[in-house]
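Beneath this line is the structure, given in structure tokens, with notes to follow.
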Amino acid sequence: MTSQKLIFTLFLLPYFTLLKASATASFDPLPSISKYTENMDKRPGFFTTYWDAESGRILIEISQWEEDFLYINSLTAGLGSNDIGLDRNQLGGNRVVRFEHSGPRVLLIERNLNYRATSDNEAERMAVQEAFAESVLYGTKALAATEDALLIDLTGLLFQDIHGVSQRLKSRGQGTYKVDTKRSAVYLDRTRNFPDNSEFEARLTFAGTPTGTEVRSVSPTPESISLRQHHSFVRLPDDGYTPRRFDPRCGYFSYSFSDYAQPIDQPLQQRYITRHRLEKSDPSAEKSTPVEPIVYYLDPGTPEPIRTALLEGARWWDEAFEAAGYIRAFRVKILPPDADPMDVRYNLINWVHRSTRGWSYGSSVIDPRTGEIIKGHVLLGSLRVRQDFLLAQGVIEGYSNGEQADPRLLEMALARLRQLSAHEVGHTLGLSHNFAASVNGRASVMDYPHPFIQLLADERISLEDAYDTGIGAWDKRAILYGYADLREQDEANTLDQILEENDAMGLHYLTDQDARPLGSAHPLAHLWDNGEDATTELNRLSTLRQTTLNRLGLNNLAPGHPLAELERILVPVYFMHRYQVEATSKLIAGYNYEYSVRSTTQNSSRANVEPIGLERQQEAAQALLHTISPEFLSIPQSLIRQIPPQPPGFSRDRELFRFYSGAIFDPLAAAETASDLVLRALLNPERLARLEVQYATSGGSLWNSGQFLGFLYDQIDGYLNESVDNPQQTVMAQLVFFRFFQHLLALASNENLQPRVKAEVLSRLEAIHQDLPGDAPFQLLLSETLRKFKAGTVDFEIIESFPPPDGSPIGCGGFH
């Protein structure tokens with residue numbers, strides 16, 4: 001050591017000594033855990049926990065340092081509003097976390113598994129781990145210690161809004177809320193401990209100022225909302241699970257992550273399906289019992305006869321597992337009385353009440369490392385069954401013989417529940433929607449089913465085949481792909497063969513991205529439809545609707561109910577065709593295509609994308625135009641005169657028509673709303689843009705947007721001339737034309753509209769201006785509206801029609 005360094009060290013040594021002594025003196029030694037907790041309720045389990053009754057705290061002993069486990073949050077007691085979406089037994093996030101400590105400071109840290117390196121090289125794995133942020137979810141100081149463990153207070157984590165309730169309320173325009181810890185407490189009845197999972201629950205009170213109507217409608221004091229939030233610490237599964245590759249054709253949800261250890265010629269993004277772990281006891285046997293079956297449990301709060309229907313529907317899946325080579329691999333039971341529905345060990349079907357009807361959900365707790373499903377979790381909205389009963393009530397004169405409803409009404413509603421139970425359980429098995437299954441004769445319960453109500457030759461209406469009664473052909477093939485035990489086979493080749501056989505069987509698979517958007521292009525991908533051809537089914541449904549409308553009356557209403565409630569029954573009948581309209585509109589500027597994957601045997605000359613022929617497009621357009629004809633839109637006078645305003649004790653709500661006429665039933669407003677549904681689908685900007693693409697790429701053999709607009713105009717203008725002798729239909733024809741006119745103005749105002757389409761729209765508007773249709777007052781309305789539009793005056797606005805009453809998840813239609 002040089003003399004300078006020696007002098008420097010000797011000079012600073014007293015300061016380091018003083019600092020060390022000061023630091024040691026400032027921290028009192030931690031008491032032992034046994035001493036600190038001697039008067040507390042000790043609960044051994046995955047993590048040893050303590051209940052401090054004196055202070056109302058949950059303490060947790062930590063000795064598994066830097067060992068990963070699963071942290072799941074959920075909402076045990078919900079708000080009861082479908083619109084806000086904070087439901088009873090709703091799952092939240094699931095995270096891989098670990099505890100770390102630095103001195104007395106303890107941190108709960110969430111791993112970032114979106115980015116990783118599946119490499120044997122520790123340095124390579126660490127390089128990726130250190131490149132992306134982790135998240136610290138909770139931090140606190142230790143209260144007591146032993147040689148290898150620290151004791152911390154977990155209550156602060158339990159009182160956090162980890163489920164995001166405040167943000168959900170704010171985003172829904174319901175107000176600004178935050179947790180009031182003084183009005184929050186540990187919920188001891190659902191705070192339990194087991195060898196592989198520790199469960200905690202707290203009653204959280206959110207205090208704030210309500211600004212929306214939804215919170216007010218479901219909370220006794222909307223300034224103070226008390227919910228219960230659940231937390232689960234769960235041991236991660238062992239490494240015996242083998243991920244299965246995702247293929248766009250397979251029908252599963254994908255689980256993906258960026259793998260920086262992949263060779264340069266391989267994708268960075270790795271994709272696997274989500275599924276439960278399932279293996280045969282004897283993998284060499286064609287059929288074998290499983291090592292461990294998949295068992296689901298039904299919420300014991302479900303009443304009869306709904307309970308039996310849900311059990312029956314969920315059990316359909318055992319047939320699919322049997323087709324995949326298993327014996328009794330899928331089972332459904334009632335949840336035992338001593339079981340906690342939020343316990344991760346139980347796959348659960350929950351029966352959830354809300355103030356209004358709403359969606360049902362099938363979600364899962366997934367191991368974020370592998371995609372393995374650890375817990376299937378279904379939420380079934382209880383009011384769905386009442387909507388299907390209401391639809392059946394509209395098509396069957398169910399009260400013609402007295403107060404007791406025709407038993408066919410309840411049976412149709414229960415048939416829908418069986419299908420719904422199977423559908424949502426399918427999601428928790430890993431399956432996505434298949435919205436092309438109806439083309440293959442109800443090949444999948446993963447479709448959204450429209451009730452197939454039949455008008456028989458003798459004019460009777462049959463509900464016998466309204467919903468399917470078992471698992472479908474596509475469902476069996478999907479379970480085969482995801483769950484077949486392939487330990488003794490070439491997995492990659494076997495999976496490819498399953499998908500090729502699906503194609504050879506003519507089974508179609510199309511999911512949400514190609515079915516939900518109103519302007520989507522595939523003619524087979526629809527929600528709530530039936531039949532092989534959308535146009536044929538729309539025509540059939542139109543006839544059924546008209547017959548039902550003509551018969552609707554007092555025999556459809558239960559004795560003792562106000563006559564005004566006939567309007568509530570009328571709504572699903574009047575809009576019976578609404579979702580078949582969406583299906584049929586996809587034929588116009590539509591394309592056939594598949595989720596194709598390049599293979600070594602694929603013929604390069606095979607066309608993967610084919611436009612729909614002109615004749616089919618014209619048939620679809622004609623069928624759609626029929627649904628906006630005054631004749632179709634009219635409601636029988638005899639029915640109109642039976643529907644009075646709402647009486648005392650009843651009020652108008654979102655399930656009823658919107659009117660111009662105040663309390664008096666307004667068939668003209670209903671017709672305007674119905675016509676706008678069709679026009680919105682026909683004049684979708686993306687659809688019109690595709691017409692230009694089809695025209696340009698077909699050598700002019702298909703419609704362009706101008707020819708299509710001319711086709712629509714000729715028919716809609718013709719309704720004005722055909723209805724001159726019928727006052728109601730004359731007004732309806734004008735309303736339909738005005739809605740067509742308004743949609744043209746909206747298109748012309750759309751800055752993102754395809755240029756050729758805009759040119760054709762402007763040309764059509766100019767033609768209307770030069771030859772105004774209708775009587776003098778109607779011509780004046782059109783002329784003045786066009787004048788304001790051309791002038792670009794600040795007071796010009798596109799006039800919106802009344803929105804239709806809520807559709808899905810009604811029995812006859814929807815859009816999730």
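The values are calculated or read from the model by the stated rules, or taken from the named source; none is laboratory data. Remember, predicted model here, so these are calculated numbers, not experimental data. Note: ideal-geometry Cβ built from the backbone for every residue, glycine included; neighbour counts use all protein chains shown. Accessible surface is based on the protein model in full, side chains and every heavy atom, while ligands, DNA and RNA are left aside. Shrake-Rupley method; radii C 1.70, N 1.55, O 1.52, S 1.80 Å.
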> List pairs: first in region 412-437 and within 25 Å of residue 393 (Cα to Cα) and among the polar types (S, T, N, Q), second open to solvent by 10 Å² or more (accessible area, probe 1.4 Å) and not in a helix (DSSP H, G or I), Cβ under 8 Å, 6+ apart or cross-chain?
Replying inline: 419/449; 419/468
> Looking only at residues in region 521-537 that are assigned to a helix (DSSP H, G or I) and over 21 Å from residue 392 (Cβ atoms), which one is most open to solvent (accessible area, probe 1.4 Å)?
Replying inline: 536
>> I'm told residue 83 meets every condition in (1) in contact with a helix residue (DSSP H, G or I) (Cβ under 6 Å, 6 or more places away or on another chain); (2) open to solvent by less than 20 Å² (accessible area, probe 1.4 Å) except one. Can you identify the failing condition by its number?
In response: (2)
>> I need the helices (runs of 4 or more DSSP H) fully contained in region 89-175, keeping only those with at least 2 residues that are modelled with pLDDT of 95 or more and more than 29 Å from the chain's Cα centre (by Cα).
In response: 122-129, 155-158
>> What pairs come out if I take residues in region 369-392 that are closer than 20 Å to residue 430 by Cα and open to solvent by 20 Å² or more (accessible area, probe 1.4 Å) and pair them with residues that are among the small types (Gly, Ala, Ser) and in a strand (DSSP E or B) whose C-beta lies under 8 Å away, six or more apart or interchain?
In response: 374/364
> Of (1) outside any loop (DSSP other than H, G, I, E, B); (2) more than 22 Å from residue 701 (Cβ to Cβ); (3) open to solvent by 50 Å² or more (accessible area, probe 1.4 Å), residue 582 satisfies all except one. Which?
Replying inline: (3)
> Can residue 42 be described as at pLDDT 95 or above and surrounded by 10 or more Cβ atoms within 10 Å (Cβ to Cβ)?
Replying inline: yes
> Within region 363-386, can you find the residues that are within 21 Å of residue 241 (Cβ to Cβ) and either at pLDDT below 90 or not β-branched (Val, Ile, Thr) (or both)?
Replying inline: 363, 364, 367, 368, 369, 371, 372, 375, 376, 377
> Taking into account only those residues within region 530-556 that are within 22 Å of residue 637 (Cα to Cα) and charged (D, E, K, R), which is nearest to the chain's Cα centre (by Cα)?
Replying inline: 545
> Just one of 485, 496, 475 is part of a helix (DSSP H, G or I), in contact (Cβ under 8 Å) with a residue 60 or more places away in the chain, over 16 Å from residue 595 (Cβ atoms) and among the charged types (D, E, K, R); which is it?
Replying inline: 475
>> I'd like the residue in region 146-168 that is of a type in the set (A, V, I, L, M, F, W, C) and more than 17 Å from residue 52 (Cα to Cα) and, out of all such residues, is most open to solvent (accessible area, probe 1.4 Å).
In response: 162
>> Out of everything in region 442-458 that is open to solvent by 10 Å² or more (accessible area, probe 1.4 Å) and over 21 Å from the mean Cα position of the chain (by Cα), what residue ends up being nearest to residue 543 (Cα to Cα)?
In response: 455
> Looking at region 552-574, which of the residues that are more than 11 Å from residue 643 (Cβ to Cβ) and not in a helix (DSSP H, G or I) is most open to solvent (accessible area, probe 1.4 Å)?
Replying inline: 561
>> Just to be sure I understand, how many residues within region 133-143 are out of contact with any Lys or Arg (no Cβ under 7 Å at 6 or more places or on another chain) and either loosely packed, with under 14 Cβ neighbours inside 10 Å or not aromatic (Phe, Trp, Tyr) (or both)?
In response: 7
> Residues in region 258-278: is at least one touching an Asp or Glu at 6+ places or on another chain (Cβ under 9 Å), open to solvent by 30 Å² or more (accessible area, probe 1.4 Å), of a type in the set (Phe, Trp, Tyr) and not in a helix (DSSP H, G or I)?
Replying inline: yes
>> Can you list the helices (runs of 4 or more DSSP H) lying wholly within region 594-678 that have 2 or more residues being β-branched (Val, Ile, Thr) and either crowded, with 20+ Cβ neighbours inside 10 Å or free of Cβ contacts under 8 Å to residues at least 60 places away in the same chain (or both)?
In response: none
>> Can you confirm whether residue 397 is in contact (Cβ under 8 Å) with a residue 60 or more places away in the chain, surrounded by fewer than 20 Cβ atoms within 10 Å (Cβ to Cβ) and not basic (Lys, Arg)?
In response: yes
>> Criterion first (over 14 Å from residue 330 (Cβ atoms) and open to solvent by 30 Å² or more (accessible area, probe 1.4 Å)) does residue 306 satisfy it?
In response: no
>> Need pairs with beta-carbon distance below 6 Å; first residue under 23 Å from residue 343 (Cβ atoms) and within region 49-76, second open to solvent by less than 10 Å² (accessible area, probe 1.4 Å) and of a type in the set (Lys, Arg); sequence gap 6+ or separate chains.
In response: none
> Restricting to region 184-221, what's the tally of residues that are under 29 Å from the mean Cα position of the chain (by Cα), outside any strand (DSSP E or B) and without any contact (Cβ under 8 Å) to a residue 40 or more places away in the chain?
Replying inline: 4
> Hey, residue 364 hits all of (1) small (Gly, Ala, Ser); (2) in contact with a helix residue (DSSP H, G or I) (Cβ under 6 Å, 6 or more places away or on another chain); (3) surrounded by fewer than 21 Cβ atoms within 10 Å (Cβ to Cβ); (4) part of a strand (DSSP E or B) but one; which does it fall short on?
Replying inline: (3)
>> Looking only at region 746-805, count every residue that is under 36 Å from the mean Cα position of the chain (by Cα), closer than 30 Å to residue 575 by Cβ and among the acidic types (Asp, Glu) and tell me the total.
In response: 2
> Between residues in region 771-787 that are on the phi < 0 side of the Ramachandran plot and residues that are of a type in the set (A, V, I, L, M) and not in a loop (DSSP other than H, G, I, E, B), which pairs lie under 8 Å by C-beta distance while being six or more apart or on different chains?
Replying inline: 772/782; 773/720; 773/782; 782/768; 785/745; 786/765; 786/768
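Conditions (1) surrounded by 18 or more Cβ atoms within 10 Å (Cβ to Cβ); (2) modelled with pLDDT of 95 or more; (3) of a type outside the set (S, T, N, Q); (4) closer than 27 Å to residue 44 by Cα, marked per residue:
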{"position": "179", "(1), (2), (3), (4)": "yes, yes, yes, no"}
{"position": "185", "(1), (2), (3), (4)": "no, yes, yes, yes"}
{"position": "195", "(1), (2), (3), (4)": "no, no, yes, yes"}
{"position": "202", "(1), (2), (3), (4)": "yes, yes, yes, yes"}
>> What are the pairs with Cβ atoms under 7 angstrom where one residue, in region 542-557, is within 17 Å of residue 409 (Cα to Cα) and the other, located anywhere, is of a type in the set (Phe, Trp, Tyr) and buried (at least 19 other Cβ atoms within 10 Å of the Cβ)? Sequence gap at least six, or different chains.
In response: 555/399; 556/399; 557/399
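Go through region 455-483 residue by residue and tally those that are among the hydrophobic types (A, V, I, L, M, F, W, C), in contact with a strand residue (DSSP E or B) (Cβ under 9 Å, 6 or more places away or on another chain) and closer than 15 Å to residue 322 by Cα.
Count: 2.
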>> So, residue 402, is that one open to solvent by 10 Å² or more (accessible area, probe 1.4 Å), of a type in the set (Gly, Ala, Ser) and farther than 27 Å from residue 805 by Cβ or not?
In response: yes
